Amino acid sequence: MKSLILTLTAVAIVAGTASAGDVTGKITLKGTPAPEKEIPVDPTCGKLQAGKKVMTRFYVADSTGGLADCVVYLEGAKGGAAAAAPVVIDQKGCEYLPYINSAQVNQPIRVLNSDPLMHNVHPTPAMDGNKEQNKAQMAGGAPLEFTFAKAEKFLRFKCDVHPWMFSYVSVFDHGFHAVSGKDGSFKIAGVPDGKYKLVVEHRKGGKVEKDIEVKGGAKADLDMAAK
Ligand SMILES: [Cu+2]
């Protein structure tokens, strides 16, 4: 018992000397990208969309320019909380939702099928050590889980039944990453104080970076130019 108390005291001292906080901000799209294109889906999938057109999702921005689907991370960061909950990707109306995701190495990526038809889930990693897999998933089928051992940006998932279906998962070997939301905002939680390179990557727009200093948190807004 005495040694446990000593250990707890030591942990408390360490925690007291190092501070951490959230890195937050907003990514704003500058310029006007090419209009999104309609995806010609098959009639069965078209019915599931109830008359809604299926469009490409290259640039998803709100009325203020807030740019969704940016992968935001601290380059070369180490550690961070291990991610216990799986990343969940659904297949709905013959689309993968969300389109852009981030995960940690070995974090389960759980793929659901909410459609009344068969999909096949086919991740096609490019990095040695990450395994390509191809699994059929029936209507009402059990979720499928995938994990990847190596860091890899924009690891592609596709469906060979519906060749327009794609989702991308950026896999990190640390816990300091996020994907910007519908308003372009992001939050990377629990970042220890220090200097970092904050990187924003967009699948079409490319990469922007900013040096930041975290002191009990930090705020950083970045612009992404349309390409
Ligand atoms: Cu499919």
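The values are calculated or read from the model by the stated rules, or taken from the named source; none is laboratory data. Here the structure is a predicted model, which is why all the values come from computation and not from measurement. Cβ placement follows ideal geometry from the backbone for every residue including glycine, while neighbour counts extend to all protein chains displayed. Surface areas here come from the heavy atoms of the whole protein model, side chains and all, with no ligands, DNA or RNA. Shrake-Rupley method; radii C 1.70, N 1.55, O 1.52, S 1.80 Å.
How many percent of the accessible area of the chain is carbon or sulfur, using a 1.4 Å probe?
It is 57 percent, rounded to a whole number.
What residue among Val41, Val111, Val208 has its Cα farthest toward the positive end of the dipole of region 21-225, where the charges are +1 on Lys, Arg and -1 on Asp, Glu, each on the Cβ?
With unit charges placed on the Cβ atoms, the residue in question is Val41.
Measuring from the lowest to the highest alpha carbon on each principal axis, how far does region 46-161 reach, largest first, in angstroms?
Per principal axis, max minus min of the Cα coordinates gives 46, 39, 25 Å.
Counting only protein chains, not ligands or nucleic acids, how are Phe146, Phe58 ordered by accessible area (probe 1.4 Å), most first? Don't skip to the answer; put the middle values down first.
Values: Phe146 0, Phe58 75 Å².
The ranking, largest first, comes out as Phe58, Phe146.
Quick one: dipole size for region 146-227, taken about the Cα centre, charges +1 on Lys/Arg Cβ and -1 on Asp/Glu Cβ, in debye to the nearest 20. Could you put the intermediate results ahead of the total?
Working: 15 positive and 11 negative charges, 38 e Å.
Approximately 180 debye in magnitude.
Would you rank Thr56, Thr147, Thr32 by solvent-accessible area, highest first, keeping every protein chain in place and using a 1.4 Å probe? Don't skip to the end; give the middle numbers.
Numbers: Thr56 30, Thr147 70, Thr32 130 Å².
The ranking, largest first, comes out as Thr32, Thr147, Thr56.
What figure, in Å² to the nearest 10, do you get for the accessible area of Thr64 with a 1.4 Å probe and non-protein molecules left out?
Only protein atoms counted, so the area is about 90 Å².
Using a 1.4 angstrom probe, figure out how much accessible area region 73-186 has per residue, in square angstrom, rounded to the nearest whole.
Details: 4930 Å² over 114 residues.
Dividing the accessible area of region 73-186 by its residue count gives 43 Å².
Tell me the mean residue ellipticity at 222 nm calculated for the chain from its helices only (DSSP H runs of n ≥ 4, each -39500 (n - 2.57), averaged over every residue, nearest 500).
Details: 2 runs with 22 residues, N = 227.
Value at 222 nm, helices only, nearest 500: -3000 deg cm²/dmol.
Given +1 on the Cβ of Lys and Arg, -1 on the Cβ of Asp and Glu, and no further charges, what dipole in debye does the chain carry about its Cα centre, rounded to the nearest 20?
Values: 28 positive and 24 negative charges, 17 e Å.
For this selection, approximately 80 debye.
Please identify, among Gln107, Gln91, Gln49, the residue showing maximal mean-square fluctuation in a Gaussian network model of the chain using a 10 angstrom Cα cutoff.
Gln49
Could you tell me the accessible area of Tyr196 in Å² (1.4 Å probe, neighbours in place), rounded to the nearest ten?
For Tyr196, the solvent-accessible surface is approximately 40 Å².
Just read off the accessible area of Met118 with the full protein assembly in place, 1.4 Å probe, to the nearest 10 Å².
Looks like 80 Å² after rounding.
May I ask for the angle, rounded to the nearest 10°, between helix 2-17 and the longest principal axis of the chain, with both axes built from Cα atoms and the value confined to 0 to 90°?
Value to nearest ten degrees: 70.
How large is the convex hull of the Cα atoms of region 32-114 per residue, expressed in Å³ as a whole number? Please report the intermediate quantities before stating the final value.
Working: hull volume 12.3 nm³, N = 83.
Considering the Cα atoms of region 32-114, their hull volume per residue is 148 Å³.
Sort by residue number and name the cysteines in the chain that have no neighbouring cysteine Cβ under 4.7 Å.
Cys70, Cys159
At a threshold of 8 angstrom on Cα-Cα distance, excluding pairs fewer than six apart, so keeping six or more, what relative contact order does the chain reach in percent?
Details: 547 pairs, mean separation 68.7, N = 227.
RCO, the chain: 30 percent.
Provide the descending list of Cα extents for the chain along its principal axes, expressed in whole angstroms.
Taking the Cα atoms of the chain, the three principal extents are 68, 46, 32 Å.
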